[in-house]
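> So that we are looking at the same thing, I have put the structure below in structure tokens.
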Amino acid sequence: MSAFRSHMSLALDEARAAAQRGEVPVGAVIVDAAGRVVAQAGNRTRELSDPTAHAEILALRAACAAAGSERLPGHVLYVTLEPCPMCAAAIAATRIARLYYGAADPKSGGIGQGPRIFSHPQCHHVPEVYDGINAQVSETLLRTFFERLR
């Protein structure tokens with residue numbers, strides 16, 4: 001059995017790059033069963049004028065394209081902020097094996113907050129979920145970003 005290796009630092013790099021583009025600083029990284037990074041993305045909703053261009057969705061699209069499949073069994077997703085309900089549903093649909101996220105999102109979260117998508121009886125797949133990974137760094141990025149907007 002190999003040792004756990006977090007890829008949250010790459011997700012945080014994507015979040016920082018998103019902030020530099022004027023996007024809400026959220027980053028995501030997807031790793032395959034062999035531990036290779038297969039996709040990474042940051043938010044691009046403003047840049048693409050697309051409300052679905054969340055970091056998770058962009059990373060899932062890229063990983064699915066790379067795999068040539070709409071499903072990603074055995075893959076792991078790292079994201080700096082608790083996924084919203086839309087992203088949680090997409091994560092379930094792709095059959096991601098494990099989800100690691102940083103900061104909780106009391107306002108818009110869909111996993112530990114709000115509608116708790118993975119607890120819903122219509123959710124067909126529930127990944128293993130680990131929260132609080134580098135949460136303080138993620139929270140600071142978000143807080144700083146929104147303070148600058150005010």
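> When residues of the range 1-38 are filtered for being farther than 26 Å from T144 by Cα and touching a strand residue (DSSP E or B) at 6+ places or on another chain (Cβ under 8 Å), how many remain?
Adding up the residues that qualify gives 4.
> Looking at E82, E128 in this structure, which one is among the acidic types (D, E), in contact (Cβ under 8 Å) with a residue 12 or more places away in the chain and open to solvent by less than 20 Å² (accessible area, probe 1.4 Å)?
After ruling out the rest, the residue left standing is E82.
> Okay, moving on. Restricting to the range 1-40, and then to whatever is among the hydroxyl-bearing types (S, T, Y) and touching a residue at least 40 places away in the same chain (Cβ under 8 Å), can you tell me which residue is surrounded by the fewest Cβ atoms within 10 Å (Cβ to Cβ)? Please lay out each step first, then the result.
Within the range 1-40, the subset among the hydroxyl-bearing types (S, T, Y) is 2, 6, 9.
Still in the list and also touching a residue at least 40 places away in the same chain (Cβ under 8 Å): 6, 9.
Values: S6: 15, S9: 12.
Top of the filtered list is S9.
> Can I ask one more? Run down I91, I30 and say which single residue is outside any helix (DSSP H, G or I) and either in contact with a His (Cβ under 9 Å, 6 or more places away or on another chain) or modelled with pLDDT under 95 (or both).
Just one listed residue meets the conditions, I30.
Results for (1) surrounded by fewer than 22 Cβ atoms within 10 Å (Cβ to Cβ); (2) modelled with pLDDT of 95 or more; (3) within 20 Å of V137 (Cβ to Cβ); (4) among the polar types (S, T, N, Q), shown as yes or no for each residue.
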| site | (1), (2), (3), (4) |
| --- | --- |
| G42 | no, yes, yes, no |
| T52 | yes, yes, no, yes |
| I57 | no, yes, no, no |
| C64 | yes, yes, no, no |
| A97 | yes, yes, no, no |
| Y101 | no, yes, yes, no |
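> So which residues in the range 85-135 are β-branched (V, I, T) and within 20 Å of V29 (Cα to Cα)?
I91, T94, I96, I111, V126, V129, I133
> For a quick check of your reading of the model, give me the residue pairs whose first member lies in the range 43-61 and is at negative phi and touching a residue at least 40 places away in the same chain (Cβ under 8 Å), whose second is assigned to a helix (DSSP H, G or I) and surrounded by 18 or more Cβ atoms within 10 Å (Cβ to Cβ), with beta-carbon atoms closer than 9 Å and at least 6 apart or on different chains.
Final answer for the pair search is A55/A11; A55/E14; A55/A15; A55/A18; A55/C87.
> Here is a follow-up. Please find, within the range 113-148, the residue that is nearest to R21 (Cα to Cα) out of those that are assigned to a helix (DSSP H, G or I) and of a type in the set (D, E, K, R).
Within the range 113-148, the first condition is being assigned to a helix (DSSP H, G or I), and the residues that meet it are 117-119, 135-148.
Then keep just the ones that are of a type in the set (D, E, K, R); that gives 139, 143, 147-148.
Values: E139: 18, R143: 16, E147: 16, R148: 14 Å.
Step by step, filter the range 113-148, then rank; the result is R148.
The values are calculated or read from the model by the stated rules, or taken from the named source; none is laboratory data. Nothing here was measured: the structure is a model prediction, and the numbers come from that model. Cβ sites come from the backbone with ideal geometry, for glycine too, and all protein chains shown count toward neighbours. Accessible surface areas use protein heavy atoms only, side chains included; no ligands, DNA or RNA. Shrake-Rupley method; radii C 1.70, N 1.55, O 1.52, S 1.80 Å.
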